[in-house]
Amino acid sequence: MKTFIDLRSDTVTKPTEKMLQAMVSAPLGDDCSGEDPTVNRLEALAAERLGKEAGLLVPSGTMGNLVSVLAHTQRGDEVIMESECHMYYYEVGNICAVAGVIPRFVRGHNGVLNPDDVKKAIRDANIHYPPPKLVAVENTHNRGGGTVTSLELSCAIGDVAKERGLYTHLDGARIFNAAIALGVDAKDIAQPFDSVMFCLSKGLSAPVGSVVVGSRGFIERARRYRKMLGGGMRQAGIIAAAGIVAIETMTERLEEDHKHARYLGEGLHLISGIHVALETVQTNMVYFDVGRLGLDSVSFIQELERYHVKASPRPPTGIRMVTHRHISRENISYVLNVIEEIAKRHLIPQ
């Protein structure tokens with residue numbers, strides 16, 4: 001059976017041989033008791049890399065964001081966030097259903113928040129309003145197209161929150177992609193935020209897990225909520241071992257994924273009937289629209305699969321493709337040829 005070129009997400013990445021070897025030989029203990037030396041090493045490494053006091057291994061980014069919200073807020077508090085952010089859009093409404101907080105949306109430009117808009121969204125105390133407690137930022141921003149928030153804007157948002165006594169949380173699932181795009185250290189991106197979550201299992205290619213970092217007091221609270229949500233694990237060093245290798249060996253190579261995404265975006269831009277906003281192709285994601293072909297998202301993806309190419313739908317007529325370490329430049333060239341062939345068959349004359 002022919003292998004698919006899988007551009008659905010960087011979550012499809014498989015662990016490296018070095019990760020698998022580390023998992024087999026990892027020293028283990030009971031992480032719920034703080035006795036797993038490999039987990040402890042990963043948490044310390046993650047905290048050091050992002051300039052925070054402590055870290056917490058969690059099974060997923062979704063849980064990492066949720067325990068962060070729980071540790072920063074109380075039920076009935078308000079969380080200010082971008083209107084298309086992952087925490088709202090793709091995490092099953094958990095901040096409302098579990099944390100009991102109220103989202104207050106601010107529309108960004110391709111997912112990037114304007115600090116002035118954040119400032120306007122923070123309302124003064126009023127018996128009729130939920131008290132604002134937290135500002136959440138996503139960097140890179142998924143639905144924005146993999147777009148990056150600059151250090152200047154991050155610091156300005158942090159200053160706005162601090163002036164009003166609010167905490168800040170960074171959904172940094174792909175923070176190392178943001179660091180590569182900005183040409184800075186991930187620690188610099190994390191600096192304005194009280195807490196940061198990042199994923200090990202996306203472009204970094206570990207099989208499972210994310211890490212939350214912040215102050216020791218924050219991590220103590222988050223650890224308790226992790227246990228409450230069923231995220232307390234036992235010999236979790238098997239997972240952590242791959243995460244250590246991911247952080248130590250996989251961050252710099254993300255630049256290759258960005259180059260491949262740019263090659264894909266620029267190629268799509270040249271195909272009649274395909275619309276791609278090149279200004280959003282900043283990291284490893286490419287969003288494009290196929291409406292001019294008379295196809296919806298699902299139909300277009302079905303066409304792609306006949307050529308053994310997989311992508312993600314963004315209905316009604318949007319498509320997302322994500323580059324990662326299993327995708328080569330040759331793969332991208334093939335995909336561009338496939339899409340050009342599909343477009344020629346379906347392009348609606350103007």
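The values are calculated or read from the model by the stated rules, or taken from the named source; none is laboratory data. Here the structure is a predicted model, which means the values were calculated and not measured. Backbone-built Cβ (ideal geometry, glycine too); neighbour counts: all protein chains shown. For the accessible areas, the whole protein counts, side chains as well, though only heavy atoms, and no ligand, DNA or RNA atoms are used. Shrake-Rupley method; radii C 1.70, N 1.55, O 1.52, S 1.80 Å.
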Roughly speaking, what is the centre-to-centre gap between region 251-313 and region 1-47 when only Cα atoms are used, to the nearest Å?
-> 29 Å
Note the full-extension length gain between Val184 and Thr3 as 0.36 nm times their separation in residues minus their Cα-Cα distance, in nm to one decimal.
-> 61.5 nm
Scanning the chain for helices, which whole DSSP H stretches are 20 Å or more long along the axis (Cα) and average -1.0 or more by Kyte-Doolittle?
-> 329-346
Sticking with the crude label model, points 7 Å out along Cα→Cβ, report the distance from Asp117 to Arg234 in nm, one decimal please.
-> 4.8 nm
Express the accessible area of the chain per residue in Å², computed with a 1.4 Å probe while the remaining protein chains stay in the model.
-> 43 Å²
Along the Cα-to-Cβ line of Ala277, 7 Å from the Cα, sits a label point; which residues in region 166-183 have backbone N less than 20 Å from it?
-> 174, 178, 181-182
MRE, 222 nm, helices only [DSSP H, n ≥ 4, -39500 (n - 2.57), over the chain, to nearest 500] = -12500 deg cm²/dmol
Simple spin-label estimate for Lys344 and Tyr129 in nanometres, 7 Å along Cα-Cβ | 5.9 nm
Tell me which residues come under 5 Å, amide H to amide H, from Thr147 once H is placed; ignore anything under 5 positions away on its chain.
-> His141
Gained length - Lys18 relative to Tyr89, 0.36 nm times residue gap less alpha-carbon distance = 22.1 nm
Could you work out how far apart the two model spin labels at Glu305 and Arg216 are, taking each label as a point 7 Å from the Cα in the direction of the beta carbon, and quote it in nm?
-> 5.3 nm
By how many nm would the segment from His109 to Arg292 grow when fully extended, if each residue of separation counts as 0.36 nm and the alpha-carbon distance is taken off?
-> 63.5 nm
Entry for log10 I(q)/I(0) by the Debye sum over Cα atoms at q = 0.07, 0.09, 0.15 Å⁻¹ (calculated from the structure that is shown) out of (i) -0.26, -0.44, -1.34; (ii) -0.31, -0.50, -1.24; (iii) -0.42, -0.64, -1.20 | (ii)
How large, in percent, is the carbon and sulfur part of the accessible surface of region 1-160 at a probe radius of 1.4 Å?
-> 54 percent
Give the carbon-plus-sulfur fraction of the accessible surface of region 230-289 in %, rounded to a whole number; probe 1.4 Å, heavy atoms of protein chains only.
-> 50 percent
